[in-house]
1. Just checking, how many residues over region 292-308 are in contact (Cβ under 8 Å) with a residue 60 or more places away in the chain and either of a type outside the set (F, W, Y) or within 17 Å of F244 (Cα to Cα) (or both)?
2. Sort out which residues of region 48-66 are over 20 Å from the mean Cα position of the chain (by Cα) and in contact (Cβ under 8 Å) with a residue 40 or more places away in the chain, and write them in order of number.
3. Just wondering, is there one or more residues in region 32-39 that are in contact with a Gly (Cβ under 6 Å, 6 or more places away or on another chain) and part of a helix (DSSP H, G or I)?
4. Identify all residues within region 72-97 that are basic (K, R), surrounded by 12 or more Cβ atoms within 10 Å (Cβ to Cβ) and in a helix (DSSP H, G or I); write none if there are none.
5. Tell me whether region 32-40 contains one or more residues that are over 20 Å from A274 (Cβ atoms) and crowded, with 16+ Cβ neighbours inside 10 Å.
6. Within region 44-59, is even one residue at pLDDT 90 or above, surrounded by fewer than 16 Cβ atoms within 10 Å (Cβ to Cβ), in contact with a helix residue (DSSP H, G or I) (Cβ under 7 Å, 6 or more places away or on another chain) and closer than 19 Å to R83 by Cβ?
7. Please work out which one of (1) out of contact with any Leu (no Cβ under 8 Å at 6 or more places or on another chain); (2) under 23 Å from F42 (Cα atoms) is the condition D96 fails and give its number.
Amino acid sequence: MKISNFIIGITGDCNFRCSYCYQRRTDRYLDSATAEKAVNFFSPYLAPDCNVVFSGGEPLLGLDRIKEIVRFFQAKNGRVKKRIGFSISSNGSLIDDDVLALFESNRFSVLLSFDGFAQELSKKKRSFLPTVAVLEKLLGRPEIDLETNSVFTAETVGYIAESIRFIVDLGVPSVNISFTNLPPWSATALSRLKEELGLLGEYMVPLSQKKRPVPVVNFRQTPRKKVFGCSAGKDRMFLSPDGFLWGCCLIYDYLHTRGKSHASSRYCFGGLDAFVRDHERIYPEVAENHTRFRMDRFFTSDCFCAQCEDLSDCVVCPVDTILGGSLVGKIPLWVCEIRKIEREARNRFLKRIGG
């Protein structure tokens, strides 16, 4: 067992209520004893270069717990000597000078959730300007590695180009675009997506001609093509706020939202205490269940993905397949079309810049 990404769910609580979020909010917070036990147990199993990710809900609601866990890892790492990086996903609303000092002194990577001009439609009223102010503060701290993630729905798809241009113009070096797949996307929404990504590609051409790195992650040259396989349950582990272990926080979020028990899931490694006692048996058994999370095992109602000529150039999160239906691996047709539109927009852009 070698864990490259250890994700710690600080809380299920959040101070935003994003329209596209499928998490079921709870007031549960990870307790100190469980956090310390997890750090002590997993530290020897972390890869030499590894990442500890704090997630929620909104993880900064549990700032004191985050500080405590950072101290736990630093104390433990005095003996195990791993290169541990800290990351956090946040809506940014609780980032103040105290939080910035924590991020800066520990060289955090920050993934800031910011939907651009769709922010107040899909996230929280009057949150646009405060989030921009936080972005500018983060950009002024070079020790903090900053990325943004903007989520668009079929209803907000028309805001993509102007929103991403705005974020790039602020100076954000890495900008991610994500799409929700529920409710289903209509032909009109898909057509608008194609138009918006086309406009965005045109905007980035002159930026790339100035030898700047491509700021939008979705438009970057991909590595050598190979069939995508999700690393959940293999080199990735998630500790939920209630003290259970999962291969991925998204699987936990999906099942928890639908009121399904931990015991009913073949993707749960069980409670931390039980896992510590019997991990040599539990880990390989449950990790094996995650091997089906590969594109060549996915399918749509039209065909198996293994038959698709774009198989090695396509990535669909396993949870995205569940959200659109009832079967793990069945990709809704509109999700397949979204990925196709993304690929075509990226390839047109790379051709324009000679990539």
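The values are calculated or read from the model by the stated rules, or taken from the named source; none is laboratory data. Predicted, not measured: the structure shown is a model, and the values here were computed from it. Heads up, the Cβs are rebuilt from the backbone with ideal geometry, glycines too, and the neighbour counts pull from every protein chain shown.
1. Let us first name the residues in region 292-308 that are in contact (Cβ under 8 Å) with a residue 60 or more places away in the chain, namely 293-296.
Add one more test, that the residue is either of a type outside the set (F, W, Y) or within 17 Å of F244 (Cα to Cα) (or both), and what stays is 294-296.
Of the residues in region 292-308, 3 are in contact (Cβ under 8 Å) with a residue 60 or more places away in the chain and either of a type outside the set (F, W, Y) or within 17 Å of F244 (Cα to Cα) (or both).
2. R65 - this is the single residue of region 48-66 that is over 20 Å from the mean Cα position of the chain (by Cα) and in contact (Cβ under 8 Å) with a residue 40 or more places away in the chain.
3. Initially, region 32-39 is screened for residues in contact with a Gly (Cβ under 6 Å, 6 or more places away or on another chain), giving 34.
Checking which are part of a helix (DSSP H, G or I) leaves us with 34.
So far as region 32-39 goes, yes, one or more of its residues are in contact with a Gly (Cβ under 6 Å, 6 or more places away or on another chain) and part of a helix (DSSP H, G or I).
4. Our first condition is that a residue be basic (K, R); within region 72-97, this holds for 76, 79, 81-83.
Of the ones still in play, those that are also surrounded by 12 or more Cβ atoms within 10 Å (Cβ to Cβ) are 76, 82.
Listed by number, the list holds a single entry, K76.
5. Looking through region 32-40, none of the residues is over 20 Å from A274 (Cβ atoms) and crowded, with 16+ Cβ neighbours inside 10 Å.
6. Among the residues of region 44-59, at least one is at pLDDT 90 or above, surrounded by fewer than 16 Cβ atoms within 10 Å (Cβ to Cβ), in contact with a helix residue (DSSP H, G or I) (Cβ under 7 Å, 6 or more places away or on another chain) and closer than 19 Å to R83 by Cβ, which makes the answer yes.
7. (2)
Here's the yes/no breakdown for (1) crowded, with 21+ Cβ neighbours inside 10 Å; (2) over 30 Å from S208 (Cβ atoms); (3) touching a Leu at 6+ places or on another chain (Cβ under 7 Å):
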position: S265; (1), (2), (3): no, yes, yes
position: G271; (1), (2), (3): no, yes, no
position: C308; (1), (2), (3): no, no, no
position: C314; (1), (2), (3): no, no, no
position: E337; (1), (2), (3): no, no, yes
position: E344; (1), (2), (3): no, no, no
